[in-house]
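A quick write-up on the structure given underneath.
The values are calculated or read from the model by the stated rules, or taken from the named source; none is laboratory data. Note that the coordinates shown come from a computational prediction; the quantities given were computed from them, not determined experimentally. Ideal geometry is used to build each Cβ from the backbone, glycine not excepted, and the neighbour counts take in all protein chains shown. Surface accessibility is based on the protein's heavy atoms, side chains included, excluding ligands, DNA and RNA. Shrake-Rupley method; radii C 1.70, N 1.55, O 1.52, S 1.80 Å.
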Amino acid sequence: QVQLVESGGGWVQPGGSLRLSCTTSGDILQFYAMSWHRQVPGMQREMVATIKYGGSTYYADSVEGRFAVSRDTSKNTMYLQMNSLQPMDTAVYYCNGKAYRIGETWGQGTQVTVSS
């Protein structure tokens with residue numbers, strides 16, 4: 001069973017930056033799409049950023065221009081660089097992978113808190 005493990009969450013002041021990592025236990029290229037999602041208690045989980053197998057990327061309007069998704073296939077790791085963070089970005093961030101062979105996989109989540 002493939003596992004996704006997030007890291008890099010924490011507390012940051014408004015305007016600051018964080019980089020999240022999502023490391024897969026198997027080959028990251030088995031996933032035809034990987035994405036970051038976030039969830040606030042009582043709210044639906046929302047897609048933040050997606051990177052497709054070919055490298056194309058997509059972002060939620062709320063993070064466009066501030067967040068950047070990337071991957072390092074040699075490390076089987078996907079990243080989310082988050083800049084100009086605001087309190088509204090506070091949430092638990094989840095890594096998601098979709099693969100034809102194994103279906104959909106989620107990580108355990110990492111907390112990001114933006115406050116002064």
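A few notes on this one:
- Pairs linking a residue in region 63-77 that is closer than 16 Å to ARG19 by Cβ and of a type in the set (Phe, Trp, Tyr) to a residue that is at pLDDT 95 or above and surrounded by fewer than 16 Cβ atoms within 10 Å (Cβ to Cβ), with Cβ atoms under 7 Å and 6 or more positions apart or on different chains, are PHE67/GLN81.
- Count of region 61-72 residues which are within 23 Å of GLN13 (Cα to Cα), loosely packed, with under 15 Cβ neighbours inside 10 Å and not hydroxyl-bearing (Ser, Thr, Tyr): 3
- Some residue of region 25-33 being over 13 Å from THR77 (Cα atoms), in contact with a Leu (Cβ under 7 Å, 6 or more places away or on another chain) and touching a residue at least 40 places away in the same chain (Cβ under 8 Å): no
- Taking region 73-86 as the range and being open to solvent by 10 Å² or more (accessible area, probe 1.4 Å) and either on the phi > 0 side of the Ramachandran plot or out of contact with any Lys or Arg (no Cβ under 7 Å at 6 or more places or on another chain) (or both) as the test, the residues that pass are THR73, SER74, LYS75, ASN76, SER84, GLN86.
- Take the conditions (1) free of Cβ contacts under 8 Å to residues at least 12 places away in the same chain; (2) surrounded by fewer than 15 Cβ atoms within 10 Å (Cβ to Cβ); GLN111 misses just one of them, which is (1).
- Top-ranked residue of region 87-108 - restricted to ones that are of a type in the set (D, E, K, R) and part of a strand (DSSP E or B), ranked as least open to solvent (accessible area, probe 1.4 Å): LYS98
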